[in-house]
Amino acid sequence: MIMRDTIFTLTDLVDESLVCDAVKAMVAEVQRYVPGYRLKQDIQFERFGSNRPLKIPGYGEFEGMKTSVFLEVEGAGDYLPKYAGNLDIMTAAAKAAAEVLVRQTGRIAA
């Protein structure tokens, strides 16, 4: 089974097209490191107004927007099975962090 993730956010009401553009730009950025990273389906939005607030235990009533992003990560299959996309993500993140450190310090950390 391919790794899937669901991300939910609660925010003030914002322009949905701006959210879609930002998510798609970040997906494209991650795909530079992990080509099998992709949106599984369209981004979904749900609005909660004063006539129908979301009741959150321990918080109270929320008015705004819920955004749902559904992702899928298929690994490259180089050394691990393709369903191990989460390991490709972690490896790519570690490599990117190391590259930043090398650029900042000019050397590899001990």
**Asked** Within region 1-26, how many residues are under 19 Å from Leu87 (Cβ atoms) and either without any contact (Cβ under 8 Å) to a residue 60 or more places away in the chain or of a type outside the set (A, V, I, L, M) (or both)?
**Response** 2
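Of all residues in region 11-55, which are under 20 Å from Glu74 (Cβ atoms), assigned to a loop (DSSP other than H, G, I, E, B), charged (D, E, K, R) and in contact with a strand residue (DSSP E or B) (Cβ under 6 Å, 6 or more places away or on another chain)? Can you show your working first?
The initial filter retains those residues of region 11-55 that are under 20 Å from Glu74 (Cβ atoms), namely 23-24, 26-43.
Applying the additional criterion that residues be assigned to a loop (DSSP other than H, G, I, E, B) yields 32-36, 40-43.
Now narrow it down to the ones that are charged (D, E, K, R): 32, 40, 42.
Selection gives Lys40 alone.
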**Message:** Given the criterion of a type in the set (A, V, I, L, M) and under 19 Å from the mean Cα position of the chain (by Cα), identify the matching residue among Leu54, Leu13, Leu71.
**Reply:** Leu71
**Prompt:** Would you say Leu87 is assigned to a helix (DSSP H, G or I) and either within 17 Å of the chain's Cα centre (by Cα) or aliphatic (A, V, I, L, M) (or both)?
**Reply:** yes
**Asked** From the list Gly85, Gly77, which one is modelled with pLDDT under 85 and within 12 Å of Tyr33 (Cα to Cα)?
**Response** Gly85
**Cβ-Cβ under 8 Å pairs, at least 6 apart or on other chains, region 30-42 side without any contact (Cβ under 8 Å) to a residue 24 or more places away in the chain and farther than 11 Å from Arg4 by Cα, far side surrounded by 12 or more Cβ atoms within 10 Å (Cβ to Cβ) and not aliphatic (A, V, I, L, M)** = Gln31/Tyr37; Gln31/Arg38
**Complete set of residues in region 23-46 that are in contact with a Lys or Arg (Cβ under 8 Å, 6 or more places away or on another chain) and not hydroxyl-bearing (Ser, Thr, Tyr)** = Val27, Gln31, Gly36, Leu39, Lys40, Phe45, Glu46
**Message:** Looking at Lys82, Lys55, can you tell me which residue is in contact with an Asp or Glu (Cβ under 8 Å, 6 or more places away or on another chain) and more than 20 Å from Asp5 (Cβ to Cβ)?
**Reply:** Lys55
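The values are calculated or read from the model by the stated rules, or taken from the named source; none is laboratory data. Note that the coordinates shown come from a computational prediction; the quantities given were computed from them, not determined experimentally. Every residue, glycine as well, gets a Cβ built from its backbone with ideal geometry; the counts of neighbours run over all protein chains shown.
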